[in-house]
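The values are calculated or read from the model by the stated rules, or taken from the named source; none is laboratory data. If you're wondering where the values come from, they're calculated on a predicted model, not measured in any experiment. Using ideal geometry, Cβ is built from the backbone for each residue, glycine included, and neighbour counts are taken over all protein chains shown. Just so you know, the surface numbers come from the protein's heavy atoms only, side chains and all, with ligands and any DNA or RNA stripped out. Shrake-Rupley method; radii C 1.70, N 1.55, O 1.52, S 1.80 Å.
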Amino acid sequence: MTVVGTIAVAGTAAVVATAALLPAGAPVPVPLGKPSGRTLVCPDLGVAGRVPTRIDLTRPDTSGRVTAALAGLTPARDEAARTPDGWRPPSAVLAGDERRGHLETPGERRPPPRTPAPDLSVLAGLSETDLRNLADQRARDDLSALARLSPAERAEITRLAGPPAPDDLAALAGLSPGERAALPRLAVSFGRPVALRGTDVTGLAATVTAPGGAAGPARARCGPPSGWSWFAGPATVAGHDPLLFLANLGVAPARLSVRVHTPGRAPTVTEVTLPAGATVSRRLAAIAPEAAATVVGVETRAGRVVSWLVDRPSDGEPWELAPVPATATPGHAALLGPLVAPAGTGGAQASVVVAAPAGGARVRVRLVTAGAGPAGADEVVVPDEVVVPDGEAVSVPVTLPRAAALAVRVEALGPAPVVAGLRLPTGAAQGTGLAGDDAVWVPAASLTATGSGGAGLPAAAASPVDVPPVPSDAAGALVLAAPAGRATARLDGRAITVPAGDAVAVPLPVGYPGGGLTVAGGPVVATELVGLPAARAAGADGRGGQDGRPSQDGGLAIRTVSSVLPIATSGAAAPVALAAGPAAAG
């Protein structure tokens, strides 16, 4: 049985608790209007101005111009949603002879500087006496530090260590019951996406980067409106509070259906009416509470809508979020990744999340990696077929080899198509002795597609496909997989051979300025990984070749994985496999 609800997000007519989305006194929605060229919308990873973000954009030539505008609403009563200086993007962001550019969006809060996690493995060989002596020495050092404090500094420490002052509840007296119920959602009730419009521009591409958490920067692709968007992965159990954002780019109200598939339950379908120009959020925990995994499908029934999903801890800071990339529409074969699991001890404990939205399915999960052989002979990582009940989602534990390029192939063995995504540990807790479940979400690229907006594959690139810059505080890698046939890719003029049924990784150094990728043969599925740099080797500068371009002479200089960003043709709403296009000969 499918559970259906209806939400009309329209001022005071909102039902459930969505009055918090459009409070009284909010400004009239300002729709984007009909674009004169291609429009890409960059998801808001800055929590409506609370955290600074950066948008990197590129075009293949210097024709036309690119402009930017805020999409959606900024409720007048939620001052936390505004940047202190009332920021708005500049009108023109790429003009003249510029091919690459960027936008810096300010934020009220910045995360503290990252410090290397302590390596507690050095304590493993110490005796109990040595550990006791170390603890005693640390206590003496702490007391010595306190003794050097002034009386005023000691008084401040005593004040901070005392019980917190009671909250001032007087401001709540004048609120209605509905307004009081909406207070917990005010901080996350809407987003502030940026729309990029290319006039007489082909091949416009953009990526948004946020500070991220302990593993490094968080990233998402900017994409066009889509009739269907699918997201696979996040749980809604205690400690997890994922948010689904919906942005209406049109001049008229949009109508949507949001489907949520979970383990052991019938899918929940919520009908949403979204005003022109509005951007709102929905907590998945309110739709599908206590779910070990979710797969979300957003169908646009009328209008032009962009949606995005972020996973976040329920008690975390604003920057501690993990974007859940749009994954391939339902199909019979998909490739998750490619990726590199961060280095560490033992295998990386990942999980594949699969849903069967149109009938029960049987699924086979295989590994595509060096030595696994050609397509159809890949290494099996889940020995038994996985049964996915009709309308449900399942989470399948998989153990992945570390520090090696790989991809996970998911195949539906019957007529029913499936949707898939992968949860990969970031590696931020490796070697610290601390518990942690930080993860990054990896989408699937279709190898075949049917129904629900699926398109023919692979996609030929008419020009080099953009490989975004690596953030200044991160290192990265370009990872390529050829699931069917041998391929040759070129990144910034350097040839990369990808054997059939294999995956390879090319290190991208700190400060990599971005480049273009072409493919001959294939098809090829590509991603860009970023994370925190590994410790520098003696005499190494960590910046690759002399020109700051990728170097293929060493291993990956990356310690964690904070983002697995699909590399796709311009305007693709979900990951696609790349095939040889006119640019491949270059």
Requested in this report: Please go through the range 259-269 and pick out each residue that is surrounded by 24 or more Cβ atoms within 10 Å (Cβ to Cβ) and either under 15 Å from the mean Cα position of the chain (by Cα) or assigned to a loop (DSSP other than H, G, I, E, B) (or both).
Outcome: T262
Query raised in the report: Yes or no: S452 closer than 22 Å to T262 by Cα and at pLDDT below 90?
Result: yes
Requested in this report: Check G493 against each of (1) open to solvent by less than 30 Å² (accessible area, probe 1.4 Å); (2) without any contact (Cβ under 8 Å) to a residue 40 or more places away in the chain; (3) on the phi > 0 side of the Ramachandran plot and name the one condition it does not meet.
Outcome: (1)
Report task. Out of T209, T202, report the one residue that is in a loop (DSSP other than H, G, I, E, B), open to solvent by 10 Å² or more (accessible area, probe 1.4 Å), of a type in the set (S, T, Y) and farther than 14 Å from V260 by Cβ. Result -> T202
Report task. Can you confirm whether the range 232-241 contains a residue that is at pLDDT 90 or above, outside any loop (DSSP other than H, G, I, E, B) and touching a strand residue (DSSP E or B) at 6+ places or on another chain (Cβ under 6 Å)? Result -> yes
Report task. Hey, can you tell me all the residues within the range 325-347 that are assigned to a loop (DSSP other than H, G, I, E, B) and either closer than 22 Å to W228 by Cβ or among the charged types (D, E, K, R) (or both)? Result -> P325, A326, A328, T329, P330, H332
Query raised in the report: In the range 509-530, what residues are of a type in the set (S, T, N, Q) and over 21 Å from the mean Cα position of the chain (by Cα)?
Result: T518
Requested in this report: With the condition kept exactly as written, say whether any residue in the range 279-301 is in contact with a Phe, Trp or Tyr (Cβ under 8 Å, 6 or more places away or on another chain), hydrophobic (A, V, I, L, M, F, W, C) and modelled with pLDDT under 90.
Outcome: yes
Report summary line: Matching residues in the range 227-258 (under 13 Å from L309 (Cβ atoms) and open to solvent by 10 Å² or more (accessible area, probe 1.4 Å)) number 5
Requested in this report: Hey, can you tell me all the residues within the range 308-334 that are open to solvent by 20 Å² or more (accessible area, probe 1.4 Å) and under 18 Å from L256 (Cα atoms)?
Outcome: A326, T329
Requested in this report: Confirm whether T74 is modelled with pLDDT under 70 and surrounded by fewer than 22 Cβ atoms within 10 Å (Cβ to Cβ).
Outcome: yes
Query raised in the report: In the range 483-494, which residues are within 14 Å of I567 (Cβ to Cβ) and in a strand (DSSP E or B)?
Result: A487, A489, R490, L491
Query raised in the report: Which residue, of T300, T273, is assigned to a strand (DSSP E or B) and open to solvent by 50 Å² or more (accessible area, probe 1.4 Å)?
Result: T273
Report task. Answer yes or no: is there a residue in the range 549-562 that is at negative phi, among the β-branched types (V, I, T) and at pLDDT below 90. Result -> yes
